[in-house]
């Protein structure tokens, strides 16, 4: 029998793995999750998986409905607005106040180069994953483990919001060059200008996602709250 600490560590590790699947776009908004299939693919017991489900439901990433099971959450308009509010507060400050030679700079470069290569292959879903890595690297500039952990949860919610837009090319293509511009400004010793560019970028992204959400509601015949 496993010790309580081992069980908790396993639960947290599996929860992070499921979050990664959300960030990578492997799980999409509204998708029904099969307990049997997931427990088999993750090689864990159903009891452990149920604990993971409870944890991610509390985080707002999953939804449990009686007699229907567990499905991936569909972000609300209010949650999308809040996600972008938090992003502007965290990312823009991290970029504006960052040490110019911070190790996370190499991660930003790597994410931009990866996105450019994937753009050439027209692999837009993976371009989106590279975009996530770029913004995660920006937060890493703040040297805060608490912020890094919080932002990893936020990224999972953000990818769900991205899933509302059914055209990944339209969603991700413009931001490859925008990320390149932000990176260049930061490398050129202009962190405040880079942060201002990022702020405008996030406003643009938020408007696109909210418009996609409104269209989805309209197609479903539902009025936005």
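Specify whether the C-alpha gyration tensor of region 127-201 places it in the rounded, prolate or oblate class, a ≥ b ≥ c being the square roots of the eigenvalues: rounded for a/c under 1.5, otherwise prolate if a/b is larger than b/c and oblate if not.
oblate
Which angle from 0 to 90°, rounded to the nearest 10, does the C-alpha axis of helix 168-187 make with the longest principal axis of the chain?
Result, in degrees: 50.
Nearest 10 degrees is fine. How inclined is helix 191-220 to the longest principal axis of the chain, computing both from alpha carbons?
40
With no solvent and one equal point scatterer per Cα, compute the Debye intensity ratio I(q)/I(0) for region 71-225 at 0.11, 0.12, 0.15 Å⁻¹ and report its log10, rounded to two decimals.
Those come out to -0.42, -0.50, -0.77, one per q.
Viscosity 0.692 mPa s, temperature 37 °C: Stokes-Einstein D of region 1-127 from its Kirkwood Cα radius, in µm² per second?
188
Classify region 13-69: rounded, prolate or oblate, from the alpha-carbon gyration tensor (a ≥ b ≥ c, eigenvalue square roots; a/c under 1.5 rounded; otherwise prolate if a/b is larger than b/c)?
rounded
Region 67-103 to region 172-223: how many Å between their Cα centroids?
Region 67-103 and region 172-223 have Cα centres separated by 12 Å.
Can you tell me the 0 to 90 degree angle between the C-alpha axis of helix 77-96 and the longest principal axis of the chain, rounded to 10?
40
All of the numbers you see were taken from the coordinates with simple rules; none came from a lab. As the structure is a prediction and not an experimental result, all values here were calculated from the model.
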